[in-house]
Each structure stands twice: as structure tokens, then as C-alpha cells.
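Take a look at the structure set out below.
The values are calculated or read from the model by the stated rules, or taken from the named source; none is laboratory data. Since this is a predicted model, take the numbers as computed values, not measurements. For neighbour counting, all protein chains shown are included, and Cβ atoms are generated from backbone atoms with ideal geometry for every residue, glycine included. Accessible surface is based on the protein model in full, side chains and every heavy atom, while ligands, DNA and RNA are left aside. Shrake-Rupley method; radii C 1.70, N 1.55, O 1.52, S 1.80 Å.
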Amino acid sequence: MNKNIVISGTGLYAPPNSVSNEELVEALNAHADKYNEENAAAIEAGELTAKAKSSAEFIEKASGIKSRYVYRKEGILDVDRLCPVIPLKAEDETSDQALMAIEAAKEAMAAANKTAADIDAVIVSCAYTQRSYPAIAIEVQTALGIEGFGFDMLVACSAATFALQRAYEMVTAGTARAVLCINPELTTPQIDYSDRDSHFIFGDVATATIVEAEDTANSENCWDVLSTKAFTSFSNNIRSSFGHAARANDVDPFWKENLFHQNGRKVFKEVCPMAAEHISEHLSRHDLTSADVKRWWLHQANINMNLLISKKLLGRDASLEEAPIVLDEFANTASAGSLIAFHKYSQDLAAGDHGVICSFGAGYSIGSLVIRKR
């Protein structure tokens, strides 16, 4: 039997610490000065490349980012460290990522009027998990008192929409009454804070979403999920290569190539048209056009990407009301960005209004949901 599937609640956890562009630039430039001075002879001889310096104005113009939330601020601005200090927890303590996930999950459950007894599955889906196993999702499931099952999945910046697709399928198939999808994006440990081109990109945050059948939904704000769509095509233009095999590679597991790095120009050129085409094709399944969409909750990686994609879709510049931007405050939060935008800018829409949640990133991967306000 076909059943309508809905999004019935969302949650957001932002850490209490934030770092401004100005703070990051001060640390980067001090590090560059120190490095260039210490290696002046080798740089002069062409054996090393001088570290480039930056400015807050450059960051905002290039990305639209003004600040970002961070799970731990200590260490990030330390010129001799440039990495957050996150104390190692004992194995019987709740992990850092689970703590973030639990806070977002509680808010989503409250918004959806759901208790632990109402939920059958937990998916933790994000760009990074801080350990291989046991799954963060199972840790969160147990902490929240949810029976059933949980699992982790990684699809970089499309992880949240891919998880929502899995949840949609599970509820449709009847293998779960309600699914809690959580995106605890602890990205800062994988940032090279000495790199001018990437040190400003990411922030830490967690989002959560409840997916269930319409006959069990009883929250104030519900959205029909008309359908989901996913696409992947392999590309090396965005990589983060750290993994357990680093121990066997006989290299420093924390060398630059194992941290986040990308060919930003190629990503911009290749992903923007792919995302616009993906969304247009998805809307056509429902005999909808871009003009029928009241709001676009797009992946929050770079303001220029969002502006170009929305312009390709609409044939004109989108207003901030139509395609809200949150990366000025949150920066790129990997998979969580589109869900932050949805969480903050969805309750004002009227019954019958259509919207699109879409994320895109490494893989390449693109995930989207066409939804309608109930």
C-alpha cells in the first residue's frame, strides 16, 4: 500500500564557540610570517614555496562566510598548532560526535512530538565519523533510549539528503515507523588551518530530522516528501584521504594530502550545472517547474555557487527569501548546511507551497527532496 511520507520535525545544535574571519586571518598570517622567516633560504633557493597570507575581506568575497561555529576553539588560533584541542575521552564516556548529535536529536523529537518509543531507526550521516565502530548512531540510539537499529553512513556533503532518502524508503517499506536522521558535522579536526585557500571553509554543527508516515505525524509543521533523487559520479576534485590504512602506508597520517583539499575552480565549474540539471529533472517528475518552487534550501558551501545555481534554475537572481543563505554565520557545515537552512527558514510557508532541499559535494554526489507544506 502506498503511503505519504512526511518530515515532521527538525533540530539544530550549534556549539557555543565561534571563530571570526578576522581571528582566522590573524593566526594564518602570523603562521605564514613565522614559516617564511624560518625557511627564508630554502624559499629563496626555490626549494620551498612561501606561505601565502590572507584577509577577512578576501574570505567573505570568495565564499560569503563571515564566521563559523567550532566544537572546541582552543588550539585553532595557536600559531604553533593550528588545530583544535579535543581531549581524548575514555571508551566509557559519550563521544564528542554523539554529544552533538543528541542535542540536535532532542530538539527534532520535541518538534515532531515524538518519544523514543515512537522511533525505530537512527541514521547518523555526515562527512566524517570520529571512529570506525561501534557506530555513532548506535551510541546515540542507546543514549536516547530508542529500540530498533542504527547505522552510520558517509557521503560527504550529500550525506544528509542521502540519509533522508534511506529514511523515506524505510518508512515506505514499513521497516520503520519513524526514522531519526542526524548529521553531526565535526569537521574542524580535518581542516588545514595553514592553507590560505581552505582554512576558512568549514564549521561544526549538528542537525536532525524526523521522517515518518503521515498517519502517525502530529506536529505543527509537516512536509510531504513527494520524492527523493540521488546521483553520484566519481571525482578526485574534493578529497579527504585520512583513514585506517594510513598506519600501513608508511607516511605521516596527518600530512596535508590526508586533510581536506580540493580544486575549487573545477568543483565550481563542474558541480553548478550538474546540480541545476539534477534539480530541474527532479521537479519534472511532478510536472513542476522552478517557478512553482517557493523556497530553495541549497547546500551551503559557497555563496557564489548558490547564486549561480539558483540563477540557472530561475533565469534570474534569487532573493534571500527564495534561497536563504546561512553560511555567513555557520560557514560550510558539510552535509548539514541545507538542513540548517530548512530548519531556520521553513515555518513561514503556507500549506501547498513547494520547496526543494538539495545538497551536493564530494563524490561527486547530489541529493534532493521535493517537498510540499501540509
Residue check for HIS244: more than 19 Å from the chain's Cα centre (by Cα) and farther than 19 Å from THR161 by Cα: yes
Selection count where residues are in contact (Cβ under 8 Å) with a residue 12 or more places away in the chain and aliphatic (A, V, I, L, M), scope region 22-51: 7
Search result, residues across region 264-293 that are over 20 Å from SER63 (Cα atoms), loosely packed, with under 14 Cβ neighbours inside 10 Å and without any contact (Cβ under 8 Å) to a residue 12 or more places away in the chain: SER284, ASP287, THR289
Test: PRO134 is open to solvent by 40 Å² or more (accessible area, probe 1.4 Å), of a type outside the set (Asp, Glu), more than 19 Å from the chain's Cα centre (by Cα) and under 30 Å from SER235 (Cα atoms): yes
Flag if VAL19 is in contact (Cβ under 8 Å) with a residue 40 or more places away in the chain, buried (at least 18 other Cβ atoms within 10 Å of the Cβ) and in contact with an Asp or Glu (Cβ under 8 Å, 6 or more places away or on another chain): no
Selection count, region 40-83, where residues are over 30 Å from VAL205 (Cβ atoms) and buried (at least 16 other Cβ atoms within 10 Å of the Cβ): 1
Test set (1) out of contact with any Leu (no Cβ under 6 Å at 6 or more places or on another chain); (2) outside any helix (DSSP H, G or I); (3) open to solvent by 20 Å² or more (accessible area, probe 1.4 Å) - TRP296 fails condition number: (3)
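How many of the residues in region 299-325 are part of a helix (DSSP H, G or I) and within 20 Å of THR232 (Cα to Cα)?
Result for region 299-325: 3.
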Hits in region 150-208 (condition: out of contact with any His (no Cβ under 8 Å at 6 or more places or on another chain), among the hydrophobic types (A, V, I, L, M, F, W, C) and assigned to a helix (DSSP H, G or I)): ALA156, ALA159, ALA160, PHE162, ALA163, LEU164, ALA167, MET170, VAL171, ALA173
Qualifying position, being in contact (Cβ under 8 Å) with a residue 40 or more places away in the chain, open to solvent by less than 20 Å² (accessible area, probe 1.4 Å) and more than 19 Å from ALA217 (Cβ to Cβ), among ALA156, ALA160: ALA160
Pair list, Cβ < 7 Å and 6+ apart or interchain, from region 342-353 residues that are over 15 Å from VAL293 (Cβ atoms) and part of a helix (DSSP H, G or I) to residues that are β-branched (Val, Ile, Thr) and open to solvent by less than 50 Å² (accessible area, probe 1.4 Å): HIS343/THR10; HIS343/THR207; LYS344/VAL326
Answer from THR172, THR228, THR187 - the residue that is within 30 Å of GLU329 (Cβ to Cβ), modelled with pLDDT of 95 or more and either in contact with a Leu (Cβ under 6 Å, 6 or more places away or on another chain) or surrounded by fewer than 22 Cβ atoms within 10 Å (Cβ to Cβ) (or both): THR228
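Quick test for you: out of LYS34, LYS3, LYS61, LYS89, pick the one residue that is over 30 Å from GLU169 (Cα atoms), assigned to a loop (DSSP other than H, G, I, E, B) and among the basic types (Lys, Arg).
Numbers: LYS34 fails: assigned to a loop (DSSP other than H, G, I, E, B); LYS3 fails: over 30 Å from GLU169 (Cα atoms); LYS61 fails: assigned to a loop (DSSP other than H, G, I, E, B).
Going through LYS34, LYS3, LYS61, LYS89 in turn, the sole match is LYS89.
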